[in-house]
1. Quick test for you: out of 32, 45, 49, pick the one residue that is more than 16 Å from the ligand (Cβ to nearest atom) and exposed (fewer than 10 other Cβ atoms within 10 Å of the Cβ).
2. Which of the following residues is part of a loop (DSSP other than H, G, I, E, B) and within 23 Å of the chain's Cα centre (by Cα): 4, 61?
3. Can you pull out the residues in the stretch 63-73 that are surrounded by fewer than 14 Cβ atoms within 10 Å (Cβ to Cβ) and near the ligand (Cβ under 9 Å from one of its atoms)?
4. Going residue by residue through the stretch 86-102, is there one that turns out to be without any contact (Cβ under 8 Å) to a residue 24 or more places away in the chain, among the polar types (S, T, N, Q), more than 26 Å from residue 2 (Cα to Cα) and within 16 Å of the ligand (Cβ to nearest atom)?
Amino acid sequence: MPKAGFKSITVSETVYDKFQDVYQKNKDNLAMKGVNSFSGYVTYMLEEMMQKDKTFARRIAEVAVQKGELFCQLCDEKDCVHIGFVFSLPDVYEILNSKGVRHPK
Ligand SMILES: [Zn+2]
């Protein structure tokens, strides 16, 4: 039973050994980051993954054509980095240009 305030999860031996292996190899490096135990390492990895996931999720923006103008649904704007990115794609630019959609700048 884990101590109060903790919960345990069960993983296969293969998964455990793999993480343990990486942990042992990077122990010194991890200690520099304040990671001093195997469970601390797993926590650190999970935290990092979630952080990366958030960063990635923020990059997904939906850009739509509204009334002949591009509109970014993430920023709620007609001129943002995402719109700029859409215009920087040659194939997309050509289609937009042929339809008379112009970059606001
Ligand atoms: Zn945007």
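1. 32
2. 61
3. 73
4. Yes: one or more hits.
Where a number appears in this text, it was derived from the coordinates with a stated rule and is not lab data. This structure is a prediction, so every number in the text was calculated from the model and none was measured. Cβ: placed from backbone, ideal geometry, glycine included. Neighbour counts: every protein chain shown.
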